[in-house]
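Let me begin by presenting the structure, written as structure tokens, before commenting on it.
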Amino acid sequence: MARIARGPAWAVDLTSLTSAEGATLSAMARTLMPHDKLDDAAYALVIRAIDADASKDEKLLKTLREGIANLGPDFARNRESTRIDVLKKFESSPFFQTMRLRTVQILYSSSLAYAYFGYEGEAFSKGGYLLRGFNDLRWLPEVPLEDSGTMPVGGDSRGN
């Protein structure tokens with residue numbers, strides 16, 4: 001079971017990958033989808049899920065291990081610009097494509113990422129966006145009421 005703590009300290013118990021392999025994949029995930037202030041724990045969720053997948057799929061585990069070996073032993077410690085240069089060499093590989101896809105799928109569906117980006121979740125169960133968040137455009141000037149038109153609330157589609 002994974003243990004994830006808030007803040008910069010986090011730990012994930014890996015079942016198929018070693019800690020060093022997990023650190024390499026975490027550095028890769030952060031390089032692929034860089035968000036400087038997003039907690040490392042969000043990236044740990046990605047590695048935990050990939051590790052769980054690899055524990056059930058020997059072919060995936062082999063792909064990951066070969067890809068990690070190709071990145072080199074110092075990949076996780078390298079500067080971001082160096083990591084980018086290394087990753088560019090493997091963009092078309094199944095390893096890179098798997099990591100890119102799984103990082104996008106897992107990272108951006110986590111509650112940690114939702115909180116970071118200010119996403120409040122789906123709105124249907126809360127009555128939709130029209131009266132909840134639709135007009136939360138604080139960066140735009142207020143539109144005078146006479147210029148805003150009718151709102152379709154409690155009536156037909158014409159606002160009656």
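The values are calculated or read from the model by the stated rules, or taken from the named source; none is laboratory data. Note that this is a predicted model, so its numbers are computed, not measured. Cβ: placed from backbone, ideal geometry, glycine included. Neighbour counts: every protein chain shown.
Taking the condition of being at pLDDT 95 or above, assigned to a loop (DSSP other than H, G, I, E, B) and surrounded by 20 or more Cβ atoms within 10 Å (Cβ to Cβ), how many residues in the range 1-57 meet it? Residues flagged as at pLDDT 95 or above, assigned to a loop (DSSP other than H, G, I, E, B) and surrounded by 20 or more Cβ atoms within 10 Å (Cβ to Cβ) within the range 1-57 amount to 1. Take the residues in the range 94-129 that are among the aromatic types (Phe, Trp, Tyr) and assigned to a loop (DSSP other than H, G, I, E, B), then tell me which one is farthest from residue 71 (Cα to Cα). Step by step, filter the range 94-129, then rank; the result is 129. When you check residue 69 against the structure, is it assigned to a helix (DSSP H, G or I), surrounded by fewer than 18 Cβ atoms within 10 Å (Cβ to Cβ) and of a type in the set (Gly, Ala, Ser), yes or no? Yes.
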